[in-house]
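Below is one structure, written out as structure tokens, with a few remarks after it.
The values are calculated or read from the model by the stated rules, or taken from the named source; none is laboratory data. Source: prediction; values computed, not measured. Ideal geometry is used to build each Cβ from the backbone, glycine not excepted, and the neighbour counts take in all protein chains shown. For accessibility, only protein heavy atoms count, side chains too; no ligands or nucleic acids. Shrake-Rupley method; radii C 1.70, N 1.55, O 1.52, S 1.80 Å.
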Amino acid sequence: MYSRTRRIRAYLRWSEQGRTRERYVGEVDGPSRAANLAQAWTMARAAGFVRDETLPVDSKATSTAVRAVMTANKGRDTKPELLLRSILYRRGLRYRVNARPIPNLRRTADLVFVKARVAVFVDGCYWHGCPDHYRPAMKRSRFWQEKIQGNQARDADTNQRLREQGWSVVRVWEHENPDSAAEKIIGVLERRSTLPPHGSNY
């Protein structure tokens, strides 16, 4: 907003090779900041300054915004995983990360204690249907419900297959306190075998 004229001018700003670029879009006069932003984006599109990304034909997302969120979801090294790994490492435990407990089973655990035969999974609340935090999707609810149920069935099958091969399975929700989760894992390790000296491998 320019104080002398009380006019609000909209600009597009972006970074290009480390330098900030900008382009004047026009004046906006909405009753709120949100309205001004919406008006400015409409003007920018009309002028051909920006264009909306189209969804790929095989995309399951309902919009480009939803697709961006889905794409950004990390399959490994999430914040809950990193916190848990850090605590366990400080406790002197060593483990494999994102590894297959059983070589011929194409499923990976987030942490694998090979000698103790303990597999740890840090499950996301949405993707694995957390009873406390999972909220059904409003759009394409049937598709997402089947997706989550499929993940849960796969989790149960993984648990069974590992246990049949003599493994202990620990599943931790991403919302769980990392210190409590670490104690849960250490408890399982203690029951499986005697804890090794500080810095030893499991």
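Counted by Cβ distance under 13 Å from L105, the other residues give a net charge of +4, where Lys and Arg count +1 and Asp and Glu count -1.
To the nearest 10, the accessible area of F121 is 20 Å² with a 1.4 Å probe. The heavy atoms of R85 present about 50 square angstrom of accessible area, all protein chains included, probe 1.4 Å.
Residue by residue, the stretch 133-149 carries 3J(HN,Hα) couplings of 10, 5, 10, x, 5, 7, 9, 6, 4, 5, 4, 6, 4, 5, 5, 5, 4 Hz when phi is fed to the Karplus relation 6.51 cos²θ - 1.76 cosθ + 1.60 (θ = phi - 60°); x denotes Gly or Pro.
Full-extension gain between A47 and R106, please, as 0.36 nm times their residue separation minus the C-alpha to C-alpha distance.
Difference between extended and current length: 16.2 nm.
Note on Q145 and R33: with the Förster distance fixed at 45 Å, the Cβ-Cβ geometry gives a FRET efficiency of about 0.75. Dipole size of the stretch 108-181 about its Cα centre, with +1 on Lys/Arg Cβ and -1 on Asp/Glu Cβ: approximately 340 debye, rounded to the nearest 20. Amide H contacts under 5 Å for G26: A10, restricted to partners 5 or more places along the chain or on a different chain, H placed in the peptide plane at 1.01 Å from N. In straight-distance terms, cross-link reach from K115 covers every one of the aspartates and glutamates whose alpha-carbon lies under 13 Å from its own, apart from those fewer than eight places away in the same chain; here that gives E190.
Taking 7 Å steps out from each Cα toward its Cβ at S180 and R21 produces label points 5.0 nm apart.
Between H133 and L82, the simple spin-label model (points 7 angstrom out along Cα→Cβ) gives 1.6 nm. Below 15 Å, Cα to Cα, which aspartates and glutamates can K79 reach? Residues fewer than 8 away in the same chain don't count. Within the straight-line cut-off, K79 pairs with D110, D123, E174, E176, D179.
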